[in-house]
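Novice: One structure is given below, represented as structure tokens, and several questions about it will come after.
The values are calculated or read from the model by the stated rules, or taken from the named source; none is laboratory data. Just so it is clear, the model here is predicted, and its values are computed rather than measured. Because the Cβ atoms are built from the backbone with ideal geometry, glycine has one as well, and the counts that use them run over all protein chains shown.
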Amino acid sequence: MTEISVIDKGIIEYGAALDVQHTYLERVIAGRESKSNNNVLLYCEHPHVYTLGKSGVDTNLLISDENLKRIDATFFRTDRGGDITYHGYGQVVGYPIIDLHNFNLGIRDYIYQLEECVIKTIAEYGICGVRIDSATGVWVNTPTGERKICAIGVKVSRHVTMHGFALNVNTDLSYFSYINPCGFTEKGVTSIQELRGEAIDMNEVKEKLSKHFRELFK
């Protein structure tokens, strides 16, 4: 069975985390010849940052550069799929750097498994996560409509994955008001903390995510 190492990088700037991902990407690709097992799941938190995917629309960022500085946030154009999203403190960001050949998966099946990992994790907190048509990620049905709890955006290079998922745990949701999250103007966001009414142990969430991730990616 292919094993997956779990590494927690703590709080790290988005650009620095991108460099780390590229380092592990090259290790996984290089390991094919020696049949080394270099698959890894990276965890981190980012200081306030908005990232725009390669299919994103600039106008989904609703504030100016000046106001980005005012709220202590930065903006990155990135090469993942998807539109715009927010990363910040209290959010568990997971970057799996894995060789899809090891798991006999295509990209769509891989994304489905990422969603399933999150759905199983939040179920342990009494939250029912769902998928919706034509909208990658994990959503929760609430009295005010569908709200996203986890964004997913990936890139696959030579069958090795980059980027990943961002699960709102204790996230300051007010930062999402400065964007159209994932390009949606009519759908909101939520967090485990908001739905549970209490702060959640971030390390506990990571442990649950890791357990389900390893079960799903055997």
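Novice: Determine which single condition Lys69 fails, assuming it passes every other condition in (1) in a loop (DSSP other than H, G, I, E, B); (2) more than 26 Å from Lys206 (Cα to Cα).
Specialist: All conditions pass for Lys69, except number (1).
Novice: If you take just the helices (runs of 4 or more DSSP H) that sit entirely in region 103-218, which of them hold at least 2 residues that are under 16 Å from Leu42 (Cα atoms), in contact (Cβ under 8 Å) with a residue 40 or more places away in the chain and among the basic types (Lys, Arg)?
Specialist: So the answer is 202-216.
Novice: Which of the residues spanning region 1-38 are polar (S, T, N, Q), surrounded by 14 or more Cβ atoms within 10 Å (Cβ to Cβ) and either in a helix (DSSP H, G or I) or in contact with a strand residue (DSSP E or B) (Cβ under 6 Å, 6 or more places away or on another chain) (or both)?
Specialist: Gln21
Novice: Sticking with this one: Give me a count of the residues in region 71-98 that are at pLDDT 95 or above and not aromatic (Phe, Trp, Tyr).
Specialist: 14
Novice: Would you mind telling me which numbered condition in (1) of a type outside the set (Phe, Trp, Tyr); (2) under 18 Å from the mean Cα position of the chain (by Cα); (3) crowded, with 17+ Cβ neighbours inside 10 Å Asn102 fails?
Specialist: Of everything listed in (1) of a type outside the set (Phe, Trp, Tyr); (2) under 18 Å from the mean Cα position of the chain (by Cα); (3) crowded, with 17+ Cβ neighbours inside 10 Å, Asn102 misses just condition (2).
Novice: Filter region 57-71 down to the residues that are touching a strand residue (DSSP E or B) at 6+ places or on another chain (Cβ under 8 Å) and of a type in the set (D, E, K, R), then identify the one that is farthest from Leu167 (Cα to Cα).
Specialist: Asp65
Novice: Tell me, which residue of region 72-102 that is outside any strand (DSSP E or B) and among the hydroxyl-bearing types (Ser, Thr, Tyr) is nearest to Ala166 (Cα to Cα)?
Specialist: Once the filter is applied, the top-ranked residue is Tyr89.
Novice: Name the single residue, out of those in region 157-181 being touching a His at 6+ places or on another chain (Cβ under 8 Å) and not aliphatic (A, V, I, L, M), that is farthest from Val92 (Cα to Cα).
Specialist: Going through the qualifying residues, I end up with His159.
Novice: For Thr136, only one of the following conditions fails: (1) modelled with pLDDT under 95; (2) in contact with a Pro (Cβ under 9 Å, 6 or more places away or on another chain); (3) surrounded by 20 or more Cβ atoms within 10 Å (Cβ to Cβ). What is its number?
Specialist: (2)
Novice: On the given criteria, is Asn38 more than 14 Å from Val160 (Cα to Cα) and in contact with a Gly (Cβ under 6 Å, 6 or more places away or on another chain)?
Specialist: No; evaluated as a whole, the condition is false for this residue.
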